[in-house]
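Bear in mind that the values in this text are calculations on the coordinates, not laboratory data. From a predicted model like this one, the values you see are computed outputs, not experimental measurements. Please note: Cβ atoms are built from the backbone with ideal geometry, for glycine as well, and neighbour counts cover all protein chains shown.
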Amino acid sequence: MGPGAEAGGWFNLKPVLAGLVLIVLCDGVFAEPDLRSRLDEARRVSYQEHWQQAQAMLDDLADRIDPSDVREYADFHLLEARHLVLAEREEEALQRAAELLELDLADDQRLRALQFSANIGVLLRQYERAFEYLGRALAIRVELEDPAPQIATLNMASYMFGRVGEYERGIRYGERAVALARDLAGPAEVCVALQRLAPVYKWAGQPERSEQAYRDGIDACQGVGNALFVGVLQHGLADLLRQRGRLEEAMDLAEQAIAGLERAIYPLGEYEARLVRAEILHDLGRPGAVEQADLLRLSEYFGEREVWDQAARLEMLLSRMADVDGDAARALEHLHRALQARESFLGRERAMRLAYLQVEFDARFQEQEIELLRESTRVAQLEAQTAVQQRRVRTLGMLLVGLTFLVLLAALLRVFRSRRRFRDLSRRDHLSGLANHGWFFERAQSLLDQFLAERPGGLLILVVADIDHFKKINDRFGHRAGDEVLGRTARRMRESFPEHALIGRIGGEEFAVLIRADRLDTVLGFIERFRRPDPDSIRADDPEVTLSFGLSCHQPGDDIEALRERADRALYAAKAAGRDCYRLDANCSALR
C-alpha cells in the first residue's frame, strides 16, 4: 500500500489507495456453470498470478456476458474495473462502478461497488464523494454467507479514517476486519486486512504494532500467493525499519519489494520502493551506489503523476546528496523544490480533511433536521390531543416548540460558523494571516484570467520575496523569534502594498504579491516603502531583517506558472547580487 510514503508523517495517497481498490469478488450463483467457472478462474489469475493475463481471459468472455443476468454482469465489470485501476485509468473505472450502482444489485455486490467507488474517489481527490460512498457502505447491515464484502468495507474505513487523522477509529475498524477475516473468512482476507491496518498503526505512532502487522501480513500474503501485496508490505516494512535505524534489514526488504513489484507490473509501488532503497543507501553512507539516471526517472514519474509527497521526499534526498558533495547551490535548489512539493501535498491533505469534516457536518445537519421534524410532529400530535384543553396548555406547548427551535437554531449557527472557520483555515497561513501557497496561486490564476478578459491596459506584476539569511535568525535568536519575524514581515507587506494587491506566504520564508498597476515605478515604490520602514516601528532588540525581491511582468501567453518561474529567476539574481535588493525579469526591464 505504498507505505514508503508514510515516513515523517507524509502519507502517500495513490499507492496506498491503489491497493485498497483490489476488492475481492465473490462467487455468483446464477451464471452458466462453464462461464461461471471461467469468471472464477479469471479472478484467481488476477489476484494470484497477473492481472493482464486475467484481462485477456475477460476479453475472451466479453461476448458471452448477458446484461440481464445482473450478478454475472456485475462480477465481470467489477473485475474489469479493477484492471482499469491497475492500468492507471481511474476515471474509466469510476464510471464503470457508477453504472453498476444504477442496477438492482445484490447486497454483497452493492457493497463491493460502493467500496470500489470510495477508493477511486480518493485516488481522484474527489474526497466528498469518497466519504459519501463510505458512509453508504457502512450503512448496509446484512448477514452474508461470505463475509468478504463486509470485511472489505471495514478495511476501507480503517484506511480512510486513519488517513484523515481519526486514528483510534481507523484502528478500531482495522482490528475488527482482521478478527473477522481470521474467524470467518480465510488467509486471503487476512492478507488484505493486515495490509490495510499496518500503515494505520504507523500513522498513529505505534511502530511496534505496525511492524508486527507488516510481518504477519507478509506471511499471510505469501501463503496465498498474493505477490503484489507481498511487495507492497515489504516496501512498507522496509521504510518503517529505515526510520528505526535498522538499515541492513530495511535494504534486504527494499530489494525484495522492488523485484516483486516489478514482476507484478505495479510501477508506482516499484518506484516508491526504489526511492526507499536510495534513502537507505544514503543513510548507510553509500550515496554513490545510487544511479543518477534512476533518480531522474523517479523525479519524472512522480512529477508527471503529481505524487507530491514522494516528489518532496526525493527532492529532500537530492538536497542531502548535494550537500554531501559540497554543492550548496544545488542543495538549496532541491530544498526549495521539496518545500514546493510538500506544500502541494499538504494542500491535498487539507482538502481530504475538509471533505471529511464537510461530510460529518452534513450528517449532523441531517440528523438535526430529522430531530426537528420529529419534534414538530410530536408537538402537532400534542396539540391535536389537547385541543379541548385550556388555552394555558396550548400556550405551554407552543412555548416548548419555540424553545426547541431556538436551541436547534443556535446549534445550527454554531455548525455554520465552524464550517466557515474550517474553510478559512484551508486558505490562510495561520502564522502570517496571509493567503497560503495553494489559495494564493489558485486566486492568482483567477485574477490573471480576469486581467486577460478585461484588457483595460496597465500591467500585471508578480513579486516574489525571500527573507535573507532566515536560517541564521532562527539559529541565533530561536524559532520563536523567527516566527515573530515572519509575522512582522507579513504585517509590513500589508502596510506597504495597496489593499487590492493579492499577498501570500508561499513557503517557509517566501512571500508573493500579485498586483495590477499603471506603471512599473509604482510597484517599485511599494517595494522601496517596504525596504525603508519607519525607524520608530522597529524595536532595539529586533533582529535585522532584509528581503530580496524578484519581479516578473505579464506578457502575452503567460499563465501564473510562467510568471512565477521568471520571478523566481529574478529573485535568485537578487540573492546572487548580494541580497537586500530587487531584480526584474526581461519583460519588466523593457518597461523602465
Distance between Cα centroids, segment 496-565 to segment 250-322: provide it in whole Å.
38
Return the distance in nm (one decimal) between the two label points of a simple spin-label model at Gln48 and Glu304, each offset 7 Å from Cα along Cα→Cβ.
3.4
Dimensions in Å of segment 232-334 - Rg and Dmax from alpha carbons
13.2, 40
Calculate the tail of P(r) for segment 484-560: the fraction of all Cα-Cα distances greater than 20 Å, expressed in %.
35
Virtual spin-label span in nm between Glu333 and Leu403, 7 Å along Cα→Cβ:
7.2
In cubic angstrom per residue, the convex hull of segment 28-98 built on its Cα atoms measures 80
Test of understanding: what is the full-extension gain from Leu184 to Ala562, defined as 0.36 nm times their sequence separation minus their Cα-Cα distance?
130.3 nm
Given Cα positions, please report Rg to Rh for segment 437-591, the hydrodynamic radius being the Kirkwood one.
0.97
Output ordering of 478-490, 209-221, 566-578, 227-239 (per-residue mean of other Cβ within 10 Å, highest first) is 227-239, 209-221, 566-578, 478-490
